[in-house]
Amino acid sequence: MSMRAIRILSRNIRDSFKSVFRNFSLSLASISCITITLLVVALSIVLSFNVNNFTKLVEKDVTIVTFLDVDIDEAGREEVLTELKKINNIDKISFESKMEIADEMMDANETYKNIMSDWDEESSPLQDTYLVKVKDIEQIEKTANQIKKIKGVNIVKYGEGMIEKLVSTFDLVNKVCYGIVLALIIVTAFLITNTIKITIFSRKREIEIMRLVGASNINIKIPFIFEGLFLGLLGSIIPIAVTIYGYKAIYTKMDGQVFSSIIKLVKPMPFVFEISIILVIIGMFVGMFGSWQAVRKYLKI
Amino acid sequence: MNLIVMQGVNKRYKNGVNAIQDLNLTIEKGEFVFVIGSTGCGKSTLIKMLYREEKPTKGKIIVGGLNVAKLRNSKVYKLRRKIGVVFQDFKLLPKSTVFENVAFALEVLGLPKDEIYHKVIKVLELVGLKHKAKNYPNQLSGGEQQRVAIARAIVNGPKILICDEPTGNLDENTSMEIMTVLEEINKLGTTIIMVTHDRTIVKKLKKRTILLDSGRILKDYKKGKYVDESNKNIK
């Protein structure tokens, strides 16, 4: 029984191979259809993954700078820290004293160095700060307000409004990309169904004869499903090549970043292969689904 | 043993045509039956229901122990493996050789390669086409193509062979050749039901003959009892 199943299956695979090449012009139509879709899908995935990456990077970089009162003492600083730790949304807290800030500024700029070099702990007009990282960027405003209420806190700064806008824009781009990918997959599945329907129409007779000599429905479907799978595989070759070489080229050309060093592109190395796998899977799925749908029509009597 | 039983069968097409009305028929194992009648009398519908290309609207049809009227679409193959079907237009795969066309029927059953080879050669010998095994259908005459189709229909040893006007496209001599092959197969134990409008054949062979008219059985001539009454039936 199982030997029989293996024989039937291997014959099915052989026949589906043959038929891809025997009906090559029609196969080519299906293949190019898959190719074009997968190219756009690849583009959308690249865009979406990178935007996702941008979001993460920006989120990581967002800091609430908490300036403490100028005349705060050691005990006061400790008190503020204890209060900060009570706030839920806070992830990490680091302290930067006014002298450290002065050093940083002097390193960065010669003019500052001249002015600031004779400041000491007492005379410095700078303020000690806590640098606060938050867990949830969407809640940043609320958290900032909570911090502001703490006794000993002077000013709270976090690039108000800008950050949320940026993040929500990224979020939108991401959703649009997912939408495009999903829509494309559905549209292609339909297109493939129709293209393969045309192919199969020319093989209606073959299906009729298969049914006539006692091939079960599954038996008839399997070669067509495998054929769809091959079409999907062949259709994903060009998009994969374009993704791998294209993305690497873009990455090198842009030096791995967009606008500033904060917004970095996803490194190409495992990334392009991950996309390739996604493309192959989508291609095969769409091809198989299309064939299966198309052949179903001829099995209903 | 009754191989085919039809009881109270009605077939009404969606366009309102009543093709078969209240038809009762039994066919025994080993019989050779002609189904005749004028165009539109329902003879094609009758045998299409036997190989489940059409479903009856009402009634019971048993073919080789299977209730065809209730057979689900996905189980049709079980019936098709018990019967062979031959058509007027042969229905051969043009891109496959004679051998491949016949072997096709065994490949879908998952038989091993050498078994397929032996069975195909044997059946091609029976229909007298062993020497043309490597030819393609378009290299054969109509009669030869029909013999390939017959070979394909009987290669898996079905109990029943259904023929839908197998000589419809052939001249008289070739038709008689085909009939000789069919009689040979019948002698080997296969029950044959053949739809035809070729009364010369029916007259000559004197088999059991069922005359249909407007979807009903008008006459059921026993073996050797057929008399041509066609002139009376013309309306």
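Values in this text are rule-based calculations from the coordinates and carry no lab data. Note that the structure is a prediction, hence the values are computed from the model and not measured. Because the Cβ atoms are built from the backbone with ideal geometry, glycine has one as well, and the counts that use them run over all protein chains shown.
Under the simplified labelling scheme, the A:Val258-B:Asn73 pair shows an inter-label distance of 4.8 nm, with each label point 7 Å from Cα along Cα→Cβ. One Cα centroid belongs to the stretch B:1-30, the other to the stretch B:44-103; the line between them spans 15 Å.
Taking every C-alpha pair closer than 8 Å and separated by at least 6 residues, the mean separation divided by the residue count of chain A gives a relative contact order of 32 percent.
Within chain A, what's the longest run with no GluC sites (Glu not before Pro) in a DSSP loop and at most 13 other beta-carbon atoms within 10 Å? Give the range, please. Of all site-free stretches, the longest is A:161-301.
Quick check on the stretch B:1-142: take the gyration tensor over C-alpha atoms, sort the square-rooted eigenvalues as a ≥ b ≥ c, and tell me if it's rounded (a/c under 1.5), prolate or oblate. Taking the square roots of the gyration eigenvalues as a ≥ b ≥ c, the stretch B:1-142 is prolate. Contact order, relative form, for the stretch B:127-208: 32 percent (alpha carbon pairs under 8 Å, 6 or more residues apart, mean separation divided by residue count). Note on A:Lys175 and B:Thr39: their simple-model spin labels are 6.6 nm apart, each label 7 Å out from Cα toward Cβ. Taking Cβ atoms as reference points and 13 Å as the exclusive limit, the residues near A:Glu83 contribute a net charge of +4, counting Lys and Arg as +1 and Asp and Glu as -1. So which of A:Lys221/B:Lys29; A:Lys86/A:Lys142; B:Lys82/B:Lys206; B:Lys14/B:Lys58 end up more than 23 Å apart by C-alpha? Check vs 23 Å cut-off fails for A:Lys221/B:Lys29; B:Lys82/B:Lys206.
Here the simple spin-label model places points 7 Å from the Cα toward Cβ, and for A:Phe24 and A:Val242 these points are separated by 2.3 nm. A cut-off under 13 angstrom between Cβ atoms defines the neighbours of B:Lys187, and their net charge, with Lys, Arg +1 and Asp, Glu -1, is -2. If you take all other residues with their beta carbon under 11 Å from the beta carbon of B:Asp164, and give Lys and Arg +1 and Asp and Glu -1, the sum is 0. Place a point 7 Å from Cα of A:Ile6 in the direction of its Cβ. Which residues in the stretch B:92-115 have their backbone N less than 20 Å from it? Answer for this model: B:107-115.
By the count of neighbouring beta-carbon atoms within 10 Å, fewest first, A:Tyr245, A:Tyr298 end up ordered A:Tyr245, A:Tyr298. Computed 3J(HN,Hα) for the stretch B:24-37, one whole-Hz value per residue from the Karplus formula 6.51 cos²θ - 1.76 cosθ + 1.60 where θ = phi - 60°, is 10, 7, 10, 10, 8, 4, x, 6, 10, 10, 9, 10, 10, x, glycine and proline marked x.
Computed from backbone phi, the HN-Hα couplings of the stretch B:68-83 come to 5, 5, 9, 6, 6, 3, 6, 10, 4, 4, 4, 5, 4, 6, 8, 10 Hz, rounded to whole numbers (Karplus: 6.51 cos²θ - 1.76 cosθ + 1.60, θ = phi - 60°; Gly and Pro given as x). Based on the Cβ-Cβ distance of A:Asn88 and A:Asn194, what FRET efficiency does E = 1/(1 + (r/R0)^6) give at R0 = 60 Å, to the nearest 0.05? The value I calculate is 0.65. When only Cα pairs under 8 Å and 6 or more residues apart are kept, what is the percent relative contact order across the stretch A:63-157? With pairs under 8 Å counted, the relative contact order is 53 percent. The amide H of A:Asn154, built 1.01 Å from its N in the peptide plane, has A:Phe67, A:Leu68, A:Asp69 as neighbours under 5 Å, considering only residues 5 or more places off or on other chains.
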